[in-house]
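Report on the structure given below.
The values are calculated or read from the model by the stated rules, or taken from the named source; none is laboratory data. Quick caveat: nothing in here was measured; it's all calculated off a predicted structure. Using ideal geometry, Cβ is built from the backbone for each residue, glycine included, and neighbour counts are taken over all protein chains shown. Please note that ligands, DNA and RNA were not included when accessible areas were found on the heavy atoms of the full protein model with its side chains. Shrake-Rupley method; radii C 1.70, N 1.55, O 1.52, S 1.80 Å.
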Amino acid sequence: KFYMLSAGLAEAAADFVLCPFETVKLRLQARADYAAETLSSGLARVVREEGVTTLWQSLPSLWSRQIVYTVSKFSAFEVLLDAAYRDVLRQPRGAYTQAEQLAISFACGYGAGVI
């Protein structure tokens, strides 16, 4: 379905932006010589010492983990939401106020997180 593609593409884009920060975070956590540095100086140091492509070196493994996770969560949410309106509540979404729709969405999101 469309939401699965949307979730996958959104996660891929978010990971692309996040990956350089994750790289620096890992350096800060794992190497004592990075421990006192700031994020901006850490980014500059990684680029200077290891090259700019290093910032995205872990992107394939990040994508293999995160895209599957995100698509699964969004899929579970959509399935739960459809089932809630169809099988439990038995009224169309428009029959509920915005506050009620928000509460239903929250409950389904919570359920998707648990799954």
Considering residues that are farther than 12 Å from residue 80 by Cα and surrounded by fewer than 12 Cβ atoms within 10 Å (Cβ to Cβ), the number found within segment 96-113 is 4
Subset of segment 12-43, residues over 24 Å from the mean Cα position of the chain (by Cα), open to solvent by 60 Å² or more (accessible area, probe 1.4 Å) and of a type in the set (S, T, N, Q), comes to 38
Of all residues in segment 54-95, which are among the aliphatic types (A, V, I, L, M), closer than 27 Å to residue 14 by Cα and open to solvent by less than 80 Å² (accessible area, probe 1.4 Å)?
55, 59, 62, 67, 71, 76, 80, 81
